[in-house]
1. Among the residues of the range 109-132, write down those that are of a type in the set (S, T, N, Q), more than 24 Å from Thr46 (Cα to Cα) and part of a helix (DSSP H, G or I).
2. Restricting the search to the range 258-306, which residues are of a type outside the set (Val, Ile, Thr), closer than 29 Å to Asp95 by Cα and part of a helix (DSSP H, G or I)?
3. Based on what the data block shows, is Asp45 over 12 Å from Ser9 (Cα atoms), charged (D, E, K, R) and at pLDDT below 95?
4. Inspect all residues belonging to the range 142-149 and state whether any of them is part of a strand (DSSP E or B), β-branched (Val, Ile, Thr) and surrounded by fewer than 21 Cβ atoms within 10 Å (Cβ to Cβ).
5. Scan the range 325-351 for residues that are more than 13 Å from Gly275 (Cα to Cα), surrounded by 14 or more Cβ atoms within 10 Å (Cβ to Cβ) and among the hydrophobic types (A, V, I, L, M, F, W, C) and report the count.
6. Can you find a residue that is touching a helix residue (DSSP H, G or I) at 6+ places or on another chain (Cβ under 9 Å) and under 18 Å from Gly8 (Cβ atoms) anywhere in the range 240-249?
7. Would you list the strands (runs of 3 or more DSSP E) that sit entirely within the range 1-108 and hold 2 or more residues that are closer than 21 Å to Arg204 by Cβ and within 19 Å of the chain's Cα centre (by Cα)?
8. All but one of (1) part of a helix (DSSP H, G or I); (2) over 17 Å from Arg204 (Cβ atoms); (3) not acidic (Asp, Glu) hold for Lys135; which doesn't?
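The values are calculated or read from the model by the stated rules, or taken from the named source; none is laboratory data. Keep in mind that this is a model prediction, so the values were computed, not measured. Glycine gets a Cβ as well: all are built from the backbone with ideal geometry, and neighbour counts include every protein chain shown.
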Amino acid sequence: MKKLLVTGSAGLIGSEVVSHFAKRGWRVIGIDNNMRSDFFGAGGDTTWNAKRLVDQYKSYEHHEIDIRDRQELVRFMRTHRPDAIVHAAAQPSHDLAATRPFDDFDVNALGTMNLLEATRKYSAKIPFVHMSTNKVYGDAPNHLSLIERDTRWDYGDVEFYNGISEGFTIDQSKHSIFGASKVSADVMVQEYGRYFDMPTCCLRGGCLTGPNHSGVELHGFLSYLIKCNFIGKCYTIFGYKGKQVRDNIHSHDVSSFIEYFLENPKSGEVYNLGGGRENSISILEAFNLIESISNKEMIYQYSDQNRSGDHICYISDLTKMKSHYPDWNIKKDLKTTFQEIHDSWKSRLKQ
């Protein structure tokens, strides 16, 4: 039986990866110390999800280990000897990173470095998938020619109709402290792939979402928006007239791509992972969609102050992913994703 190590295993992507591979006969080892509750308070707590995984999958075992503990990771790797690694543990918030920069860097950059080196010491032959972020491009996408439409911003240059490709610059832009720490991790994962010839890839995620997300205002765009609608809480739009656009990809489709990569890994590779144009949506458009599902009016307020370094319009160009892995495609559309997140909050908040 193959063994998969998943960091951040109780989070959105980590838990979906656990489920995906456990159902396919893998033994899955999870690392998650619930630091999300430290970052975001009770609303970000993921212990419910860790318990769900332990109860649901006999082939899953959970460990509360801190990826900042370098020596413990080396010991853990040699003890458990995984056949592949999916690194989904992170501090994920722009706003929080600015108030806790050392914690942000220690988790995102040094934690990734610790895991890479522990992996190399154990085996330089096993695939290593790193969940990076589109924030490695900083605010450079905001300097493209943009068009304001009735409900969204869009790219004005036909070259970018399909979105941002992996060749887009990451230099000379404002990343946020979070974005900078993720750049550090992203580049190091590439370097271990190229320098040590390790099978690594960085998945530069757009908005990764799904029903197992513990969305909060500082992180988890769709999950938090849908939760606000469900409980009747006021949602705050931060700038750009609520027309800022994100492409959203369901965690199921993320896990599916990871499986394709593990079956045919490459070294030091980078992929922009998102929903593409078909699964892109603005905040105003998201309000309309969730209202059509819940039959509840969205309560919101507007702040002229946008978040520093925030993207006005970001759509992931999936051309490279599909050319390298032509059998992979997105299976969950926006309406299905919204419905699943809505139903998940309904179930969780009634318990």
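1. Pass one, the range 109-132, residues of a type in the set (S, T, N, Q): 112, 114, 119, 123, 132.
Filter again for more than 24 Å from Thr46 (Cα to Cα), leaving 119, 123.
Once the filter is applied, which keeps residues that are of a type in the set (S, T, N, Q), more than 24 Å from Thr46 (Cα to Cα) and part of a helix (DSSP H, G or I), the range 109-132 yields only Thr119.
2. Result: Arg277, Glu278, Asn279, Leu284, Glu285, Ala286, Phe287, Asn288, Leu289, Glu291.
3. Working: over 12 Å from Ser9 (Cα atoms): yes; charged (D, E, K, R): yes; at pLDDT below 95: yes.
Taking the combined requirement at face value, the residue satisfies it.
4. Yes; the residues of the range 142-149 include at least one that is part of a strand (DSSP E or B), β-branched (Val, Ile, Thr) and surrounded by fewer than 21 Cβ atoms within 10 Å (Cβ to Cβ).
5. Matching residues across the range 325-351 total 3.
6. Narrowing the range 240-249 to residues touching a helix residue (DSSP H, G or I) at 6+ places or on another chain (Cβ under 9 Å): 240-249.
If we keep only those that are under 18 Å from Gly8 (Cβ atoms) as well, we get 249.
Yes: one or more hits.
7. Counting at least 2 such residues, we get 3-7, 84-87.
8. Lys135 satisfies every listed condition except (2).
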